[in-house]
Amino acid sequence: MNYNIIEMEVVRWGEARGIIGNSTSAAQVKKTQEELDELVAAIYHKNKLEIIDAIGDIMVTLTMIAAIEDVPLIQCYEHAYNQIKNRKGFLNADGIWVKES
């Protein structure tokens, strides 16, 4: 399944369950944080299936936020890419990318 199709299916899923239309971005951010905590645990335990599940769940919650805010998720992704594509920086000792000022 391609990205556009799966995004639309997730939006339809959210509409059918009343998330889009009845929930709020703030509520979905709380859900995103729960899923992020699950991702941290999965990474800590090196559980690849749980990592996949958590990343997918995070993407679903972000899709719900984008739909609630009436912003195409791909627009957010593209905006972020355009912000970072020419950045220079380095990978620190902890493996974290640090952009140059």
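Quick one: is V11 closer than 24 Å to E78 by Cβ and modelled with pLDDT of 95 or more? Against the criterion (closer than 24 Å to E78 by Cβ and modelled with pLDDT of 95 or more), V11 qualifies. Filter the stretch 16-53 for residues that are over 17 Å from I65 (Cβ atoms), part of a loop (DSSP other than H, G, I, E, B) and charged (D, E, K, R) and give the result. The one that is over 17 Å from I65 (Cβ atoms), part of a loop (DSSP other than H, G, I, E, B) and charged (D, E, K, R): K46. Filtering the stretch 39-87 to residues that are more than 19 Å from the chain's Cα centre (by Cα), modelled with pLDDT of 95 or more and of a type in the set (K, R) leaves only K46.
The values are calculated or read from the model by the stated rules, or taken from the named source; none is laboratory data. Keep in mind it's a predicted model, so treat the numbers as computed, not measured. Note that we place each Cβ from the backbone using ideal geometry, even for glycine, and neighbour counts take in every protein chain shown.
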